[in-house]
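The values are calculated or read from the model by the stated rules, or taken from the named source; none is laboratory data. From a predicted model like this one, the values you see are computed outputs, not experimental measurements. Here the Cβ is made from the backbone with ideal geometry for all residues, glycine too, and neighbour counts use every protein chain on show.
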Amino acid sequence: MTQYTHPKYGTVLRTPDNAFANLPDYPFEPNYMEVDELRLHYVDEGEAVNGTLFLMHGQPSWSYLYRHMIPQFVAAGYRVIAPDLIGFGKSDKPAAGKVYSYQAHVDWIAAFVGKLGITGANAFFQDWGGMIGLRVMEKHPTWIKRMTVANTALSDVKGPMKLMLPNILRLMRFFAGKPTIADLAQKQSYGNWAGYFKHSARIEISKVMQILTTKTLTTAEVAAYDAPFPDSRYHAATRVMPQIVATQLNAAQAAWEHLRQSQVPTLVLFSDKDPFLAGQGIDQQFMALPGASGQPHVEIENASHFLQEDAGVELATRVLAWMAQEASPRQAA
């Protein structure tokens, strides 16, 4: 089955299984859960000897992004859970763009977390994985006991800026026109990013991933990033998400207030060559959280936005050392 009719969302596409055959370094058995009558895929590897670790991806990637990190975490005694957001990877993909609101993504992952019933877990949040996951933490305050934030953000705007920000981003999209992949390669601005995904007749996911990594992807890796999207009909989520980054600002701010009142230990690992977030002070916002005080935050060198590709082994090594250090005085479940 590659297509079916959902009672609420209409046409839903499902990438054929053979599109994912023989992916390099991705031997993980698929797992599926129904959320909101949609099939959500997730990797579930290892035994929770030292705990459970959630790995949350963003747009336009999928759990394949974590393929080099998962074995390290499993070998260290962690159960690793890496879901594919609805609209991405092996998860179902509603064909209508209007389905993909910020709230919908939060609700889908919150339902996933609730059904798993895991508490006291660890998390690695990157890109939209943080924007969604940090809000889910507010809904499920016992879900995460320790988190790493890496090249992610969560809007925290007050006063007049809350009214101005959506208009500012709208103008940036407008003045960018209809950027091509070459325009995005030349300049990774918000306008070019959002404009490319909104207007491009043919979205080239693997080329986007290559633009936002410092390493050179192999031919097989290129194919793996393109695999979830056999044709343009599958791209509704990838098109919409850049357009909704400044929606639900009140909900995002409420999530920030929850974080500021929590003591969840927080490790910040931003990269030095992220064209969107490096040098913007967002890492400092996370470092100001109570649970981030005194933690071994590091800037990951020679890594772009998708730092899991550029420095996956280093990231996993640093996270494992930190989790072991955090757990030693008060061994967690």
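Just checking, does region 160-172 include any residue being in contact with an Asp or Glu (Cβ under 8 Å, 6 or more places away or on another chain) and either in contact (Cβ under 8 Å) with a residue 12 or more places away in the chain or among the hydroxyl-bearing types (Ser, Thr, Tyr) (or both)? Within region 160-172 (the criterion being in contact with an Asp or Glu (Cβ under 8 Å, 6 or more places away or on another chain) and either in contact (Cβ under 8 Å) with a residue 12 or more places away in the chain or among the hydroxyl-bearing types (Ser, Thr, Tyr) (or both)), the answer is no, since none of the residues qualifies. Looking at region 187-195, can you tell me whether even one residue there is closer than 22 Å to Ser155 by Cα, hydrophobic (A, V, I, L, M, F, W, C), crowded, with 16+ Cβ neighbours inside 10 Å and within 17 Å of the chain's Cα centre (by Cα)? Yes, the conditions are met somewhere in region 187-195.
Taking (1) of a type outside the set (Gly, Ala, Ser); (2) crowded, with 17+ Cβ neighbours inside 10 Å; (3) over 28 Å from Thr142 (Cβ atoms) in turn, Pro16 satisfies each apart from (2).
Rundown of residues vs (1) assigned to a loop (DSSP other than H, G, I, E, B); (2) loosely packed, with under 14 Cβ neighbours inside 10 Å; (3) out of contact with any Phe, Trp or Tyr (no Cβ under 6 Å at 6 or more places or on another chain), yes/no style:
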position	(1), (2), (3)
Gln280	yes, yes, yes
Phe286	no, no, yes
His297	yes, no, yes
Ser304	yes, no, yes
Thr317	no, no, yes
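For region 27-41, indicate whether the set of residues that are in a loop (DSSP other than H, G, I, E, B), polar (S, T, N, Q) and modelled with pLDDT of 95 or more is non-empty. Give the derivation first.
Narrowing region 27-41 to residues in a loop (DSSP other than H, G, I, E, B): 27-30, 36-37.
Still in the running and polar (S, T, N, Q): none.
Among the residues of region 27-41, not one is in a loop (DSSP other than H, G, I, E, B), polar (S, T, N, Q) and modelled with pLDDT of 95 or more, which makes the answer no.
Residues that are surrounded by fewer than 14 Cβ atoms within 10 Å (Cβ to Cβ) and assigned to a loop (DSSP other than H, G, I, E, B) within region 258-274 comprise just one, Gln263.
Going residue by residue through region 240-249, is there one that turns out to be over 17 Å from the mean Cα position of the chain (by Cα) and outside any loop (DSSP other than H, G, I, E, B)? Taking every residue of region 240-249 in turn, at least one turns out to be over 17 Å from the mean Cα position of the chain (by Cα) and outside any loop (DSSP other than H, G, I, E, B).
Whenever a residue of region 221-238 is closer than 17 Å to Ala21 by Cα and among the β-branched types (Val, Ile, Thr), its partners that are modelled with pLDDT of 95 or more and assigned to a helix (DSSP H, G or I), lying with C-beta atoms within less than 7 angstrom and at least six residues away or across chains, give the pairs Val222/Ser206. I want to confirm something. Restricting to region 158-207 and keeping residues that are of a type in the set (Lys, Arg) and either in a helix (DSSP H, G or I) or closer than 28 Å to Leu65 by Cβ (or both), which single residue is modelled with the lowest pLDDT? That would be Lys162. The residues of region 204-228 that are more than 21 Å from Asp274 (Cα to Cα) and in contact with a helix residue (DSSP H, G or I) (Cβ under 6 Å, 6 or more places away or on another chain), listed by number, are Ala224, Asp226, Ala227. The set of residues in region 1-26 being among the hydrophobic types (A, V, I, L, M, F, W, C) and assigned to a loop (DSSP other than H, G, I, E, B) consists of Met1, Ala21, Leu23.
The single residue among Leu38, Leu53, Leu23 that is of a type in the set (A, V, I, L, M, F, W, C), surrounded by 15 or more Cβ atoms within 10 Å (Cβ to Cβ) and more than 20 Å from Ala111 (Cα to Cα) turns out to be Leu23.
When you check Lys98 against the structure, is it in a helix (DSSP H, G or I) and either more than 21 Å from His140 (Cα to Cα) or aliphatic (A, V, I, L, M) (or both), yes or no?
Values: in a helix (DSSP H, G or I): yes; either more than 21 Å from His140 (Cα to Cα) or aliphatic (A, V, I, L, M) (or both): yes.
When the stated conditions are applied, Lys98 passes them.
Here Ala278 meets each of (1) under 20 Å from the mean Cα position of the chain (by Cα); (2) small (Gly, Ala, Ser); (3) more than 20 Å from Leu184 (Cα to Cα) with one exception, condition (3).
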